[in-house]
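What follows is a short report on a single structure.
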Amino acid sequence: MAEFTTGEAVALELPIARIPSRAGAFLLDLMLQLGLAATLEYVLLLVLITTDADSAWFSVTSVVTLVTVLIAYPVVSETVSRGRSLGKLAFGLRVVRADAGPIDFRHALTRGLAGAIVDFWLLGAFGAVAVVSSLCSREGKRIGDVLAGTVVVHTRQTMPMPSLAVAPPWLAGWSAQLDPSGISDELAGAARRYLTRLPTLTQPTQHYLGTELVEAMCAALRCPVPVGYPPYHVLGAILARRQQLSRV
């Protein structure tokens, strides 16, 4: 189990997927990829032979097949299914962000490229690098997970549902007009960590760190800082708005 701080600034414990289950999912995906490679290569060669194409095109088919199987397959499947290739689906696994949220194309592409180049094939010694990096990581991360900021977790057991963040009533109207798209994941993560650690901070530290974060948030939002409200009220309202739009 590992603790995640969600987009609602709620701490969750999720079961980390370790090498045995990940290896099983990988082998199943590999069999599917081999089948895809054989089918794609057959179709492309058939087209080239039928059209009497130049011999150089036969080398192109090998490159297209390799890229499709090793990179396009994991990237497309994890993007479309929000973190579940067919192998992971069969073994009850899912790739999630470091805040337990669903991944997008950027995360899937980073994992796919790292898997093809570093973790498994080109430089990965047929998965040895992925195994070593997973063993060295408390959360079982391979290089692709480290670069993408993701974690693979089990999903077959019931997961706790986080309570939704709610803007203070006196800031609900203000936050409803915000466009939080300019807030980076790093800044939002810093605000979430601040809110979860708030009870453990001294009053001066609460005010100093909170003020710094509010100013950074409002600069990213391109709006003035609301006057007369504690920093944690403003940060909670902004994160609630960001959460609301991310669920649409």
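What nm distance separates the two modelled labels at Ser59 and Cys136, each placed 7 Å from Cα along Cα→Cβ?
Roughly 3.7 nm, to one decimal.
Calculate for the chain the 222 nm mean residue ellipticity that helices alone would give, adding -39,500 (n - 2.57) per DSSP H run of length 4 or more and normalising by residue count, nearest 500 deg cm²/dmol.
-18000 deg cm²/dmol
With all protein chains present and a 1.4 Å probe, how do Val131, Val95 order by accessible area, largest first?
Solvent-accessible surface, decreasing: Val131, Val95.
Show me the ranking of peptides 74-84, 197-207 by mean Cβ neighbours inside 10 Å, starting with the highest.
Ranked by mean Cβ neighbours within 10 Å, highest first: 74-84, 197-207.
When the solvent-accessible surface of protein heavy atoms is calculated with a 1.4 angstrom probe, in what order do Leu46, Leu195, Leu36, Leu93 fall, highest first?
The ordering from most to least exposed comes out as Leu46, Leu36, Leu195, Leu93.
At 1.4 Å probe radius, can you tell me the per residue accessible area of segment 36-123 in Å²?
Result: 54 Å² per residue.
Please calculate the 1.4 Å probe accessible area of Ser55, with all protein chains present, and give it to the nearest 10 Å².
For Ser55, solvent-accessible area is about 90 Å².
Once you keep just the Cα pairs under 8 angstrom separated by 6 or more residues, what percentage relative contact order results for the chain?
Dividing the mean separation by the residue count of the chain yields 22 percent.
Step through the residues of segment 67-81 one at a time and calculate ³J(HN,Hα) from phi using the Karplus curve (6.51 cos²θ - 1.76 cosθ + 1.60, θ = phi - 60°), rounding each to whole Hz and writing x for Gly and Pro.
Ordered by residue, 3J(HN,Hα) equals 5, 4, 6, 7, 10, 5, 4, x, 5, 5, 5, 6, 6, 5, 9 Hz.
Tell me, what % of the accessible area of the chain is carbon and sulfur with a 1.4 angstrom probe?
The value for the chain is 66 percent carbon and sulfur by accessible area.
The values are calculated or read from the model by the stated rules, or taken from the named source; none is laboratory data. Quick caveat: nothing in here was measured; it's all calculated off a predicted structure. Positions of Cβ are generated from backbone atoms using ideal geometry, with glycine treated the same way; all protein chains shown enter the neighbour counts. Calculation scope for accessible area: heavy atoms of the full protein, side chains included, ligands and nucleic acids excluded. Shrake-Rupley method; radii C 1.70, N 1.55, O 1.52, S 1.80 Å.
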